[in-house]
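Participant: Here it is, the structure in full.
The values are calculated or read from the model by the stated rules, or taken from the named source; none is laboratory data. It should be emphasised that the depicted structure is a prediction, and the values quoted were computed from it without experimental measurement. Cβ atoms come from the backbone with ideal geometry, glycine included; neighbour counts cover every protein chain shown.
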Amino acid sequence: MLVLGIDPGTRHLGWGLVERKGNRLQTLAYGVISPDPKLPLAERLVVIEVELVAVIERYRPDAAAVESLFFHKDPQAAAKLGHARGVVLLSIARAKVDFFEYAPAKVKRVIAGGGAAEKRQVALMMKALLGLTELPRADATDALALAVTHLRLGSMAKLAPGSGAAPKTLAKRLPSPRERLLQLAQVARARRKG
C-alpha cells in the first residue's frame, strides 16, 4: 500500500509518500511545495494545485492522509490554512483517491508515543523509522508522519467508526475543469438553438 501524506499550508505544503511492503515501511519520495510568498493567495493556491496534482499523477497513491483542521489562535492564518486544505481535498477527490484525516496530536501519539511530543522528536522518530540519511524539512517530515500514521491506523479506522480517521470517497468521478467548460459550452449552444 502506498500512502501520500500531506501537511497543508499556503506558504509551505509538505508531502511524503510511504509504502508498506510486508512489515517494512519505505519512503518513495517527499518534498515541499513553496509558492512565491509575494504572489497573491489565489495564485499560490493555483501553484499548490498544479504541483500536488503532478505528484498524485506521478505516484498514484492508494490513499492520502491529510492533517485535519485544528483551532488556531490567528483567525486569518486559520482561514488561509482552510484554503490550502480545500485545494488539497479537491485534488485528491478528483484523482479518486480515498483520504483520511488525522489530528496533529493523534499523529504525535502514533509516531512519538505522546500527543504533546515536540516536532523535533517526531522528526527524529521519522528519520529512524524510515531509515532516512538526513532530516527532511519540517513540512515534509510532518507529511511523512501522516502517511506512517495512516499505515499504522488505517486498517483499524475502517473497522472502528469514530476512531479518529474516517475514509472519504466520491461516489463518482468529478469532471475535470476542461470537461466542465465543454459541458457548459454545450448547454449554452443548446439554449441559443432552442
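Participant: When residues of the range 104-145 are filtered for being under 24 Å from L52 (Cα atoms) and among the hydroxyl-bearing types (S, T, Y), how many remain?
Facilitator: Counting residues in the range 104-145 that are under 24 Å from L52 (Cα atoms) and among the hydroxyl-bearing types (S, T, Y) gives 1.
Participant: Based on this model, can you work out whether E19 counts as outside any helix (DSSP H, G or I), under 13 Å from the mean Cα position of the chain (by Cα) and within 26 Å of L135 (Cβ to Cβ)?
Facilitator: So E19 fails the test.
Participant: Let me spell it out: the conditions are (1) of a type in the set (S, T, N, Q); (2) at pLDDT below 85; (3) assigned to a helix (DSSP H, G or I), and S163 meets all of them except one. Which number is the exception?
Facilitator: Checking S163 against (1) of a type in the set (S, T, N, Q); (2) at pLDDT below 85; (3) assigned to a helix (DSSP H, G or I), the one that fails is (3).
Participant: Among the numbered criteria (1) buried (at least 20 other Cβ atoms within 10 Å of the Cβ); (2) touching a residue at least 40 places away in the same chain (Cβ under 8 Å); (3) assigned to a helix (DSSP H, G or I), which one does L81 miss?
Facilitator: Failed condition: (1).
Participant: Please state which one of E49, E101 is outside any loop (DSSP other than H, G, I, E, B), modelled with pLDDT under 95 and closer than 14 Å to D7 by Cα.
Facilitator: E101
Participant: Got at least one residue in the range 58-66 being surrounded by fewer than 21 Cβ atoms within 10 Å (Cβ to Cβ), among the small types (G, A, S) and within 13 Å of L146 (Cβ to Cβ)?
Facilitator: Yes.
Participant: List the pairs whose first member sits in the range 1-30 and is closer than 20 Å to K119 by Cβ and buried (at least 24 other Cβ atoms within 10 Å of the Cβ), whose second member is of a type in the set (F, W, Y) and at pLDDT 90 or above, and whose Cβ atoms are under 6 Å apart, counting only residues at least 6 apart or on separate chains?
Facilitator: From the range 1-30, the pairs are I6/W15; G16/Y30.
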